[in-house]
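K.L.:
Sending over a structure as structure tokens; questions will come in a sec.
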Amino acid sequence: MNVNKQRVLTISTGLLLISALAFAGCGQSSETITLSGGEFGYDNVPISVETEPGRWSDGTALCLESGGVSVAGQVEERMDGSSAIWFLAQVPAGESVTYQVTENGDCHGILFNWAETGERVVTLEAGGMPVLEYVHPVYDSENVEDTKKPFHHVYAPSGDRRITKGVGGLYSHHRGIFFGYNQTRVGEESYDIWHAYDGERSEHEQIEKEWAGPVFGGHELTIHWKGYEGETFAIETRRLRAFQVSSDRTVIDLETTLRSVAGEIELDGDLQHAGVQFRTAQYVADNSNQTRYFRPEPWTDHPADEELEDIERFVDLPWNAFQFVIEEDDYTVGYIRHSENPSGGQFSERLYGRFGEFIPTVIDEENPLTLRYRFLIMEGHEVSRETLNSFAAGFQE
């Protein structure tokens, strides 16, 4: 049995190197991943690394071993034909770790699964505990308020309660993780896909794909943006992946692409009524005197208990974090933007618990809008900027 050669499969942002050693005559192979911890290191940070397409089928469970310690891996076959391995990286700052990759189920702990838990409600569970919930009602013109938008509820990492708001409460149209623009101009018409009062709306069309494995669970959705008479003018493809990175931390990655099917569309509004937003539970709004924002450098001089007002200064924040209380439990939610999002993102904060980024832009059939965000859900208020920077760095590959 002779070794033929080492083949480099991919290098990403200087951090990742995957190679395969193919052994002639035996049909055997091994694959390694070398990962640098960079400036901040990785402590159970979700990482995806491209691998050879077709090498493993979608959802294959892998083991990544380094120094006698194994972590679970999960294969994802993507719509563009590429293939990736997801895992939770453990690499100290300034060091590198090489993982040996094998197809093996022995190193897996919890498993994600999807369950139908209500009418037009599906819940992603990890080890039997809820992680997130997708609410996708059928639009009803007789019950507009309850049915005008799909959204995702988020649970505390312990799984014991939702930490997001649904229908009702302060500003009923704010619901969990949601997306919209209050000024959406299509030709001579202008639609409000934020408040959705007059028949215009975003409406669930189909669950295209579901992921459920040892590393993450999630799904890909088709959502139609519609005008006053129910005509579709744009189609959104939304992907969410959730990772249970520890007993007190969950990561949710969101990627959404909005494509026009009606020519040029101007997506506009203002920083309080547009963009990808996160809204915490009504209890937070009722107790906003207990809320604070935790920001990166160089925005730390702004008082933690005061909302952002200087719009020109608070543009393209790499991340922001909201700290709040529900009953007697403390939580922190980090909102991390991807560096490839369009520039000019204006960040909005409200102490009652709605925060996120608004990016005005124009799309057409050939030029869609793609946005990517990572939400770090943490129990407690003890969090460092190094932690947020680490999860942000792992998101940028």
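K.L.:
Might you let me know whether the stretch 48-58 holds any residue that is at pLDDT 90 or above, at negative phi, small (Gly, Ala, Ser) and under 28 Å from the mean Cα position of the chain (by Cα)?
P.N.:
yes
K.L.:
So, one more: Residue by residue through the stretch 368-385, note down the ones that are more than 20 Å from the chain's Cα centre (by Cα), in contact (Cβ under 8 Å) with a residue 12 or more places away in the chain and open to solvent by 40 Å² or more (accessible area, probe 1.4 Å). Give the steps one after another, and end with the answer.
P.N.:
Step one: of the stretch 368-385, the residues more than 20 Å from the chain's Cα centre (by Cα) are 380-382, 384.
Subsequent filtering for residues that are in contact (Cβ under 8 Å) with a residue 12 or more places away in the chain retains 380-381.
Scanning the stretch 368-385 gives a single hit, His381.
K.L.:
Further question: I'm checking my understanding of the structure. Among residues of the stretch 62-92 that are acidic (Asp, Glu) and open to solvent by 10 Å² or more (accessible area, probe 1.4 Å), which one is modelled with the lowest pLDDT? First the steps, then the outcome.
P.N.:
Restricting attention to the stretch 62-92, the residues satisfying the condition of being acidic (Asp, Glu) are 65, 76-77, 80.
Restricting the remaining residues to those that are open to solvent by 10 Å² or more (accessible area, probe 1.4 Å) gives 65, 77, 80.
Values: Glu65: 94, Glu77: 91, Asp80: 85.
Only one residue fits best here, namely Asp80.
K.L.:
Which of (1) of a type outside the set (A, V, I, L, M); (2) farther than 27 Å from Cys107 by Cβ; (3) in contact with an Asp or Glu (Cβ under 8 Å, 6 or more places away or on another chain) does Arg201 not meet, given it meets every other one?
P.N.:
(3)
K.L.:
Looking only at the stretch 297-305, decide whether some residue is touching a helix residue (DSSP H, G or I) at 6+ places or on another chain (Cβ under 7 Å), under 30 Å from Asp268 (Cβ atoms) and not basic (Lys, Arg).
P.N.:
No.
K.L.:
Let me ask something additional. Hey, any hits in the stretch 235-242 for a residue that's surrounded by fewer than 21 Cβ atoms within 10 Å (Cβ to Cβ) and either touching a helix residue (DSSP H, G or I) at 6+ places or on another chain (Cβ under 6 Å) or touching a residue at least 60 places away in the same chain (Cβ under 8 Å) (or both)?
P.N.:
No; the residues of the stretch 235-242 include none that is surrounded by fewer than 21 Cβ atoms within 10 Å (Cβ to Cβ) and either touching a helix residue (DSSP H, G or I) at 6+ places or on another chain (Cβ under 6 Å) or touching a residue at least 60 places away in the same chain (Cβ under 8 Å) (or both).
K.L.:
Right, here's the next one. With the requirement that a residue be part of a strand (DSSP E or B), of a type in the set (Val, Ile, Thr) and in contact with a His (Cβ under 9 Å, 6 or more places away or on another chain), what does the stretch 107-155 give you? Walk me through how you get there before you give the answer.
P.N.:
Just the residues of the stretch 107-155 that are part of a strand (DSSP E or B), to begin with: 112-118, 121-126, 129-135, 151-155.
If we keep only those that are of a type in the set (Val, Ile, Thr) too, we end up with 117, 121-123, 131, 135, 154.
Of everything in the stretch 107-155, those that are part of a strand (DSSP E or B), of a type in the set (Val, Ile, Thr) and in contact with a His (Cβ under 9 Å, 6 or more places away or on another chain) turn out to be Val121, Val122, Thr123, Val135.
K.L.:
Name the residue, out of Val97, Val71, Val75, that is without any contact (Cβ under 8 Å) to a residue 60 or more places away in the chain, over 22 Å from Glu220 (Cα atoms) and part of a strand (DSSP E or B).
P.N.:
Going through Val97, Val71, Val75 in turn, the sole match is Val71.
K.L.:
Output the residues belonging to the stretch 348-385 that are in contact with an Asp or Glu (Cβ under 7 Å, 6 or more places away or on another chain) and closer than 25 Å to Tyr155 by Cβ.
P.N.:
Correct list: Glu349, Arg350, Leu351, Phe355, Arg372, Arg374, Met378, Glu379, Gly380, His381.
K.L.:
Determine if the stretch 291-311 includes at least one residue that is within 28 Å of Asp192 (Cα to Cα) and among the polar types (S, T, N, Q).
P.N.:
Initially, the stretch 291-311 is screened for residues within 28 Å of Asp192 (Cα to Cα), giving 307-311.
With among the polar types (S, T, N, Q) added as a condition, the list becomes none.
No, the stretch 291-311 has no match at all.
K.L.:
Could you list, in sequence order, the residues of the stretch 344-363 that are small (Gly, Ala, Ser) and closer than 25 Å to Gly187 by Cα? Break it down into steps so the answer makes sense when it comes.
P.N.:
Just the residues of the stretch 344-363 that are small (Gly, Ala, Ser), to begin with: 344-345, 348, 353, 356.
Within the stretch 344-363, Gly344, Gly345 meet the criteria.
K.L.:
Moving to a separate point now. Among the numbered criteria (1) in contact with a helix residue (DSSP H, G or I) (Cβ under 8 Å, 6 or more places away or on another chain); (2) within 30 Å of Ile163 (Cα to Cα); (3) open to solvent by less than 60 Å² (accessible area, probe 1.4 Å), which single criterion is violated by Phe112?
P.N.:
(1)
Yes/no per residue for (1) of a type in the set (A, V, I, L, M, F, W, C); (2) on the phi < 0 side of the Ramachandran plot; (3) modelled with pLDDT of 95 or more:
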site	(1), (2), (3)
Leu254	yes, yes, yes
Leu258	yes, yes, yes
Gly275	no, no, yes
Ala285	yes, yes, yes
Ser288	no, yes, yes
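K.L.:
For the list (1) at pLDDT below 95; (2) over 17 Å from the mean Cα position of the chain (by Cα), I need the number of the one condition that Ile326 fails.
P.N.:
Against the list (1) at pLDDT below 95; (2) over 17 Å from the mean Cα position of the chain (by Cα), Ile326 comes up short only on (1).
K.L.:
If I filter the stretch 152-166 for residues that are of a type in the set (Val, Ile, Thr) and surrounded by fewer than 21 Cβ atoms within 10 Å (Cβ to Cβ), do I get at least one hit? Walk me through it before giving the result.
P.N.:
If we filter the stretch 152-166 for residues that are of a type in the set (Val, Ile, Thr), which is where we start, we get 154, 163-164.
Subsequent filtering for residues that are surrounded by fewer than 21 Cβ atoms within 10 Å (Cβ to Cβ) retains none.
Scanning the stretch 152-166, I find no residue that is of a type in the set (Val, Ile, Thr) and surrounded by fewer than 21 Cβ atoms within 10 Å (Cβ to Cβ), so the answer is no.
K.L.:
Just one of the numbered conditions (1) open to solvent by 10 Å² or more (accessible area, probe 1.4 Å); (2) without any contact (Cβ under 8 Å) to a residue 40 or more places away in the chain; (3) over 24 Å from Ile110 (Cα atoms) is not true of Lys209; which one?
P.N.:
(3)
K.L.:
Look at the stretch 260-283 and say how many of its residues are open to solvent by 50 Å² or more (accessible area, probe 1.4 Å) and under 10 Å from Gly180 (Cα atoms).
P.N.:
Qualifying residue count for the region: 1.
K.L.:
Taking into account only those residues within the stretch 28-46 that are surrounded by fewer than 21 Cβ atoms within 10 Å (Cβ to Cβ) and part of a strand (DSSP E or B), which is nearest to the chain's Cα centre (by Cα)?
P.N.:
For the stretch 28-46, the residue satisfying everything is Asn44.
K.L.:
Those residues that are of a type in the set (Phe, Trp, Tyr), open to solvent by 10 Å² or more (accessible area, probe 1.4 Å) and either closer than 30 Å to Ala61 by Cα or not in a loop (DSSP other than H, G, I, E, B) (or both), I need them from the stretch 180-198; list them, please.
P.N.:
First pass over the stretch 180-198, keeping only residues of a type in the set (Phe, Trp, Tyr): 181, 191, 194, 197.
When the remaining residues are screened for being open to solvent by 10 Å² or more (accessible area, probe 1.4 Å), the result is 191, 197.
Listed by number, the list holds a single entry, Tyr191.
The values are calculated or read from the model by the stated rules, or taken from the named source; none is laboratory data. Bear in mind the structure is a predicted one, so any value in this text is a computation, not a measurement. In this analysis, Cβ positions are derived from the backbone assuming ideal geometry, glycine residues included, and neighbour counts consider all displayed protein chains. Note: areas computed on protein heavy atoms with side chains; ligands, DNA, RNA excluded. Shrake-Rupley method; radii C 1.70, N 1.55, O 1.52, S 1.80 Å.
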